[in-house]
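A.B. asks: Sharing a structure with you now.
The values are calculated or read from the model by the stated rules, or taken from the named source; none is laboratory data. What you are looking at is a predicted structure, and each value in this text was computed from that prediction instead of being measured. Neighbour counts run over all protein chains shown; Cβ positions are idealised from the backbone, glycine included.
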Amino acid sequence: MNKSTVKAIEDFLMVKSDKLEKAPLCFCFGFPRKELYEAAAKMFKSGFCDYILISGGVNKSPDKAFDKSFQNITEAKWQRDNLIKMGVPEEKILIEPKATNSLENVLFSKPIIIKQFGKVPKKIIVLHKVFHGRRALMTIRRNLSKDTKYLLQLFETPNHELKNWWKNKKLRNHLIDEVRKIGEYALKGNLGLD
């Protein structure tokens, strides 16, 4: 992969985390890794959010690297259980346990958010892994609220590292797959392109 291709992919996919501000809600796209609940717990304990919403159904093919306690439980419930172990009060955690993709994360979470807050809050922290920030932001803007300020917060995992990603075949394939998914979502009208 040449330098101009690497740069083009990075310029498009590698959005940066926003400056963190206080928001009523931290929206977490489902992902069965400890980095998600650790980041969400840190934000909550630092006073940046009042509630954490975890969205994610049953992961049909969990990676062997995932915690064994993840077997036979939804991503949302697994994350909630770990957030509680980290000291986040259960009543401050909202869960959506059915979604199987990013679009469903947003669509299935919307009624939960409206039930909790009466409407979609004017400001929401969006937490996701580094390679998926662009699609997460475009999906939530299109399908939750265009009037909300979304504060994107991204985290790395051992399988989602920014450094030298183009030298690792697995990471390269992962990024190319993310570009494909953005195309599919866009063609279906599920992304906010503004």
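A.B. asks: Inspect all residues belonging to region 168-178 and state whether any of them is outside any helix (DSSP H, G or I) and either free of Cβ contacts under 8 Å to residues at least 12 places away in the same chain or surrounded by 11 or more Cβ atoms within 10 Å (Cβ to Cβ) (or both).
C.D. replies: Yes; the residues of region 168-178 include at least one that is outside any helix (DSSP H, G or I) and either free of Cβ contacts under 8 Å to residues at least 12 places away in the same chain or surrounded by 11 or more Cβ atoms within 10 Å (Cβ to Cβ) (or both).
A.B. asks: Now for a different question. Going residue by residue through region 132-139, is there one that turns out to be in contact (Cβ under 8 Å) with a residue 40 or more places away in the chain and hydroxyl-bearing (Ser, Thr, Tyr)?
C.D. replies: For region 132-139, residues in contact (Cβ under 8 Å) with a residue 40 or more places away in the chain and hydroxyl-bearing (Ser, Thr, Tyr): present.
A.B. asks: Run Gly192 past the list (1) over 20 Å from Glu21 (Cα atoms); (2) at pLDDT 90 or above and report the number of the one that doesn't hold.
C.D. replies: The number of the failed condition is (2).
A.B. asks: When you go through Leu151, Leu144, Leu191 one by one, which is the residue that is farther than 22 Å from Asp50 by Cα and aliphatic (A, V, I, L, M)?
C.D. replies: Leu191
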